[in-house]
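The values are calculated or read from the model by the stated rules, or taken from the named source; none is laboratory data. Please read all numbers here as calculations on a predicted model, not as lab measurements. Here the Cβ positions follow ideal geometry from the backbone for every residue, glycine too, while neighbour counts run over all protein chains shown.
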Amino acid sequence: MAVGFSGSNGGITRNYEVISTANLKDSRFCQKSSIPMEVSYFINNTCNLKCSHCYVGYNDFNNTLSVQAWKSVFDELIAHGARTFGNVGKEPLLNWKETKVLLQYLKAKRKEKPELRLGLVTNGILLDKLKITELEDILPDYIDISLDGNRDLHDWIRGVGSYDKLMNNLFLLSESEILKKIFISFTLNKLNVLSIADVVKTVYNLGIKNILISPYVTLNTYDRLHIANEEIIKEIQKLLDGQLIDFKEYEGMNIYIKNDFSTTRDLMEEMASRNIINKNELLIDDYGVIFNKYSFNNNNIYFNYLPWDTSYIQAIRISMMDM
């Protein structure tokens, strides 16, 4: 599901249609099969960074699946209807050999079933020219790369020096054939809420035109990064009113505002109550993504809408298992 469990999933498909609130149980959204359409998998449970907002704060070097075991899992899931596979971590590039083999395997499966989507989520620090060349050959449907603001903000969250390393790698990608597949993943929090416009300008100047904005989620209201729903809605309203970004300066930008049933349901329903998400103008794409779309001078803002929890119905996450 785009802007869903495993990140962007490549965004909204070109084909979509109107869906009424009376028909939210559309078969594309809540299929009858017991196998979810979207699979997020962890190639490892380790990372090269220690980000302040990470929701997977552990490191585990044991009990990971072999490449052959993953292939068997993929085969079974595909046979039962799974269509999107996202390598979400913990940091796929730490295990690039295995990550590459699995992406190549899914690429071969995509030739058999063109509706399959494959991608990965990364902090981008370990990218280099060789990996980019190999990714160009694989041609994943999306690559989500994390950016959390300007140098000071990004480095405070992810570690000193991480911003410059990331910018260098984004520059390499700006000259790549897979540039259109890049989605910037921006975790909106109390510290970076005022930097949305700067992030949009920075990545646009590199040729990147897809940004996924995900609200930071925490149960600790004393967390320095905690941001209240009201503050998020205030900035979103400014975005829609043209106060935050002058869309006349851009062409073909796509901004996705991520909603999640289990973690940001209150925020999602509050946006619906204020008609930011208009339930009378919902659309649905080929993969069952329900959303609203706003357009400004050939730039688009998308809000996904989840009427119920899709975990294990449409989306599932696999991190490790006993074999």
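Here are the numbers for this structure:
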quantity: Any pair with Cβ under 7 angstrom, 6 or more apart, that starts in the stretch 134-148 at a residue that is under 13 Å from R110 (Cβ atoms) and modelled with pLDDT of 95 or more and ends at one that is charged (D, E, K, R) and not in a helix (DSSP H, G or I); calculated: D141/R117
quantity: Of all residues making up the stretch 140-173, the number that are in contact with an Asp or Glu (Cβ under 8 Å, 6 or more places away or on another chain) and among the polar types (S, T, N, Q); calculated: 3
quantity: Candidate set from the stretch 184-204 (those that are without any contact (Cβ under 8 Å) to a residue 60 or more places away in the chain and assigned to a loop (DSSP other than H, G, I, E, B)); member that is surrounded by the most Cβ atoms within 10 Å (Cβ to Cβ); calculated: N192
quantity: Residue check, L147 among the aliphatic types (A, V, I, L, M) and under 23 Å from V39 (Cα atoms); calculated: no
quantity: Hey, Y222 under 23 Å from D198 (Cβ atoms) and not small (G, A, S) or not; calculated: no
quantity: Some residue of the stretch 172-179 being aliphatic (A, V, I, L, M), over 29 Å from A82 (Cα atoms) and out of contact with any Cys (no Cβ under 9 Å at 6 or more places or on another chain); calculated: yes
quantity: Filter pass, L106 being without any contact (Cβ under 8 Å) to a residue 40 or more places away in the chain and under 14 Å from the mean Cα position of the chain (by Cα); calculated: no
quantity: Search result, residues across the stretch 283-305 that are surrounded by fewer than 21 Cβ atoms within 10 Å (Cβ to Cβ) and not in a strand (DSSP E or B); calculated: D286, N297, N298
quantity: Matching residues, the stretch 266-275, being in contact (Cβ under 8 Å) with a residue 40 or more places away in the chain and surrounded by fewer than 16 Cβ atoms within 10 Å (Cβ to Cβ); calculated: R274
quantity: Residue match in the stretch 18-25 (condition: at pLDDT 60 or above, buried (at least 17 other Cβ atoms within 10 Å of the Cβ), under 19 Å from the mean Cα position of the chain (by Cα) and in a loop (DSSP other than H, G, I, E, B)); calculated: no
quantity: Given (1) surrounded by 12 or more Cβ atoms within 10 Å (Cβ to Cβ); (2) closer than 30 Å to S174 by Cα, index of the condition K248 fails; calculated: (1)
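Here is a yes/no grid of residues against (1) at pLDDT below 95; (2) on the phi < 0 side of the Ramachandran plot:
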{"position": "V217", "(1), (2)": "yes, yes"}
{"position": "N220", "(1), (2)": "yes, yes"}
{"position": "R224", "(1), (2)": "yes, yes"}
{"position": "K238", "(1), (2)": "no, yes"}
{"position": "M253", "(1), (2)": "no, yes"}
{"position": "T263", "(1), (2)": "yes, yes"}
{"position": "N297", "(1), (2)": "yes, no"}
{"position": "Y305", "(1), (2)": "yes, yes"}
{"position": "I316", "(1), (2)": "yes, yes"}
